[in-house]
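See below for the structure under consideration.
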Amino acid sequence: MARVSQEHLDARRRQILDGAARCFARNGFHATSMQDVLKEVNLSAGAVYRYFSGKDELIGAIVTEVLGGIREAFEEVARQSPPPMPDVLVTRVMTQVLGLGGTGKHGLSWEGEESFPRLMVQVWTETLRDGELAAVLREGFVAVREAWVAVVEGYQEAGVMRADVPAEHVARTLIAAAQGFAAQQALFGTMPAEVLQDGLRGLMSMGDTDRPGPR
């Protein structure tokens, strides 16, 4: 009997994750059953349960992968010295993560640009009742925060940002801006990433001495 290659196993796992993500984004966690996932991926129950024990494990795997993709994207730009300015950096990463204009950095395929933000809002809500999922989200948040802190420290070391403001405080604020943008995408519809970039650029311009300020 021929052995199944690791490439085949990885592709099957990817197929299941993508199908589950589409179901969750479309119908929500509680309205989606494992039967819905089986139908979406066109696989038998045995084939799916070989990789995931149930819906909760699928949710945890998707959350972990998405947060890992966010961290990877920011670590990639953090390696530049200095990294791009916040308006460019955050917009570039959110374009990759949200999948604006194509598949996102996280590797999950989506039916529409609004699918990822909708899924993330559901995840945030679910963590209020699911302790295990909350732990996954907290662990991912810590990893993402560390990557963003590294970016801010790069700004400070390059002399383009005040060094007397704690890097972690700036990082948390940048994360909040990104989360808020994702929430608006989910609640009010898709908008181009340039909206976020223009908003950040406007806030950054407040200290520009070449521009007239309020009297």
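The values are calculated or read from the model by the stated rules, or taken from the named source; none is laboratory data. Note that this is a predicted model, so its numbers are computed, not measured. Every residue, glycine among them, receives a Cβ derived from its backbone with ideal geometry; neighbour counts consider all protein chains shown. Each accessible area value is taken on the protein alone, full model and side chains, heavy atoms only, with ligands, DNA and RNA left out. Shrake-Rupley method; radii C 1.70, N 1.55, O 1.52, S 1.80 Å.
The slack between Q35 and Q156, meaning 0.36 nm per residue of separation minus the straight C-alpha distance, is 38.4 nm.
For the chain, report the convex hull volume of the alpha-carbon atoms normalised per residue, in Å³, without decimals.
Each residue corresponds to 149 Å³ of Cα convex hull volume.
Taking 0.36 nm per residue of separation and subtracting the Cα-Cα distance, full extension of the segment from R50 to D10 would add 13.2 nm. Volume per residue for segment 1-79 equals 104 cubic angstrom (convex hull of Cα atoms).
Each label point was placed 7 Å from the Cα along the Cα-to-Cβ direction; for F188 and T125 their separation is 1.9 nm. Normalised per residue, the accessible area of segment 107-199 is 52 Å², obtained with a 1.4 Å probe and no contribution from ligands, DNA or RNA. Taking the longest Cα principal axis of the chain as reference, the axis of helix 115-126 is set at about 80 degrees. Seen against the Cα atoms of the chain and their longest principal axis, helix 167-188 is set at about 60 degrees. Here segment 153-197 is scanned for amide nitrogen atoms under 13 Å from the site 7 Å beyond the Cα of Q80 along Cα-to-Cβ, giving 155.
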